[in-house]
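Notes to accompany the following structure.
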Amino acid sequence: MTSEIHQGPLHQGALHESALAAAPAARRKTWREKRWERRRRRIWFEELLGWILVPVILLGLYWATVSVLALFGTTPGAVIDGVQILINGAR
């Protein structure tokens, strides 16, 4: 009685051809596609950076203004009141 089990290496011909036919062909991206992807990544990065840095910069400017006014012994409210008096008094 003989065994039907194959002992040697498998034949790759038919299996390999069907696998190649089923798999999509991988193509390299053109330089325009690569450039477009770099631009998209840069735009997202800049947008994210803007959403983080703009509030930080505005808050820093506010603190710097309050600190400079405190250094001169005044407050933002007192400066605003003084400007209003100058504007209303000039009329």
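The values are calculated or read from the model by the stated rules, or taken from the named source; none is laboratory data. Since this is a predicted model, take the numbers as computed values, not measurements. Neighbour counts run over all protein chains shown; Cβ positions are idealised from the backbone, glycine included.
Taking the condition β-branched (Val, Ile, Thr) and either modelled with pLDDT under 95 or not in a helix (DSSP H, G or I) (or both), does ILE57 pass? Considered against the rule, which asks whether it is β-branched (Val, Ile, Thr) and either modelled with pLDDT under 95 or not in a helix (DSSP H, G or I) (or both), ILE57 comes out as no.
For the range 68-91, what are the residues that are of a type outside the set (A, V, I, L, M, F, W, C) and surrounded by 10 or more Cβ atoms within 10 Å (Cβ to Cβ)? THR74, THR75, PRO76, ASP81, GLY82, GLN84 - these are the residues of the range 68-91 that are of a type outside the set (A, V, I, L, M, F, W, C) and surrounded by 10 or more Cβ atoms within 10 Å (Cβ to Cβ).
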